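This report refers to the structure that appears directly beneath it.
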Amino acid sequence: MSKWQAVNLNQATGVQTTLTHPLSDEQLVEILDLNTEQLTYYLEESILENPFIEMDYAIEKKVANIDSSKMNHVDESVDHAIGASQSLIMFLFEQIMLYRQTPIRDAMVRLVDYLDERGYLPYTYQELAEKLDLDAMIVLDAMTLIKQLEPAGVGAYDLQECLMLQTEQDSKAPNVAYYLLEEYFDLLSVHDIVAIEEKSQLNRDEIEACLLYFHSLRPVPAALFDRQQNVNLIPDISVRYRDEWLEMRYNRHFYPQLIFNQGYFDEMKQQDDAELQAYIEQHRVNYQALATRLADRETLIIAMAQAIIKAQLQFFKGETEEKVPYLLKDLAKDLNISESVAKLLVTNKNIEVGTHVYPLTDFINVTYHKGRGGLNTVNIKEIIAKLIEQSSSTINNADLVAQLAEEKIIMSEQLVEDYRCALGK
């Protein structure tokens, strides 16, 4: 889809049957969450020993040297909306605000400050209760609820629990996957399939299916909201609304293209050498497998974009600036895929709408969903903006936290800072 095509809003969004189980291809899973630059490096390494593959460095010719004001291909300048993008703690706060206001909810907000750069919470509940000066049982309940939030795996104590949380929350995970992580994590870490088979009494096929599934999980939940500041966002998908039609385009021209040197292959094919024939045939097969994975990746990204466009239809038609609540589990259900694959698909992907380029993770949100207290995070942004405007002098984050607490809105200084950045204040 390198040309504009109408988005069929009546068509089922489920990925076609040939890709219903993308987890069966480990190499496909490896490339789903790569951005254009990362994919280029991956392909360079993959074709290093294949003399029949050439690569067109599209990113080098069409992106690196292009003026950012010309990134939009409908003759409009693109405003790279990086600063307004949500952070991990903003996304978690949105979800926490859906709970009614209780000491447990307030503890959840405070616990977010103790997440490390991976999105882990590497403390016992007793340690955190002491740090927060709160009742241990309240902290334990708050920790339990945080571990149920998206992205799956957030709040885990360590890698094992991170993978267990992702598996537990994924309806398409293999039946015995959680059990293997819980009981045989050390053996899984060293890939000792024989020992797992002997100790677990599971058959090899069950274990292999779980290993393929584990390959789709990611050890760093916070990576979903990683941002490269002050750089161009390369749009994987472009969307426009014209003549009463919503159209989208997969920007294939921003990706490196593989070219098979058929002439050289045919020349080698003429040689009367059995060993040479086996050698060149294997390289041809390798090329076809790699090309198929790239095509499957494209199919999945397009299906993912269509699902998000349908979910956020009014936004993409320009009828509202609001985005409806839409989570990774909703995307996975719409596409009939694993939540782990859904997370890979939105990671490092961007979408161009009019004069803006947005990270696709900005459309995975609950921003406009009102919590049980009657507030949503849009209301809270408005309250923060009002407090800043009403201040006679430059107000610091600590003072904002104190004033918000008087409104029974518990926030950390880091969270307030993130919202100030989003507000440009």
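The values are calculated or read from the model by the stated rules, or taken from the named source; none is laboratory data. Predicted model only: the values in this text are computed from it and were never measured. Positions of Cβ are generated from backbone atoms using ideal geometry, with glycine treated the same way; all protein chains shown enter the neighbour counts. These area figures cover heavy atoms from the full protein model, side chains too; ligands, DNA and RNA do not enter into them. Shrake-Rupley method; radii C 1.70, N 1.55, O 1.52, S 1.80 Å.
Table for the structure above
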| read-out | value |
| --- | --- |
| Accessible-area value, Val401, 1.4 Å probe, nucleic acids and ligands omitted, Å² | 40 Å² |
| Order by protection proxy (mean Cβ within 10 Å, highest first), peptides 167-175, 202-210 | 167-175, 202-210 |
| Rounded D (µm²/s) - segment 132-271, Kirkwood Rh over Cα pairs, Stokes-Einstein at 20 °C, 1.002 mPa s | 107 µm²/s |
| Equivalent ellipsoid dimensions for segment 116-210 as semi-axes, Å, which come from the Cα gyration tensor, largest first | 31, 14, 11 |
| Area accessible to solvent at Trp245, 1.4 Å probe radius, in Å² | 150 Å² |
| Summed side-chain charge close to Thr167 - residues other than Thr167 whose Cβ falls under 15 Å, Lys, Arg +1, Asp, Glu -1 | -4 |
| Met97 accessible area, 1.4 Å probe, all protein chains in place, Å² to nearest 10 | 10 Å² |
| Entries of Lys381/Lys408; Lys323/Lys381; Lys147/Lys199; Lys3/Lys349; Lys329/Lys381; Lys131/Lys408 with Cα pairs more than 23 Å apart | Lys147/Lys199; Lys329/Lys381 |
| Qualifying GluC sites (Glu not before Pro) in segment 273-352, DSSP loop, other Cβ atoms within 10 Å at most 15 | Glu319, Glu321, Glu322 |
| Portion, in percent, of the accessible area of segment 169-272 that falls on carbon or sulfur, probe 1.4 Å | 45 percent |
| Tail weight of P(r) past 17 Å, computed on alpha-carbon pairs of segment 313-353, percent | 44 percent |
| Cα gyration tensor category, rounded, prolate or oblate, for segment 291-339 with a/c compared to 1.5 | oblate |
| Mean shadow area of segment 161-220 over all directions, Cα convex hull, nm² | 3.7 nm² |
| Probe 1.4 Å, protein heavy atoms only - accessible area per residue of segment 124-226 in square angstrom | 49 Å² |
| In order through segment 33-48: 3J(HN,Hα) via Karplus (6.51 cos²θ - 1.76 cosθ + 1.60), integer Hz, x for Gly, Pro | 9, 7, 7, 4, 5, 5, 5, 4, 4, 4, 5, 4, 5, 5, 9, 3 |
| ³J(HN,Hα) computed for each position of segment 214-226 - Karplus, 6.51 cos²θ - 1.76 cosθ + 1.60, integer Hz, glycine/proline x | 4, 5, 7, 7, 10, x, 10, x, 5, 5, 4, 10, 4 |
| Protection-proxy order for peptides 141-149, 117-125, each taking the mean of Cβ atoms within 10 Å per residue, highest first | 141-149, 117-125 |
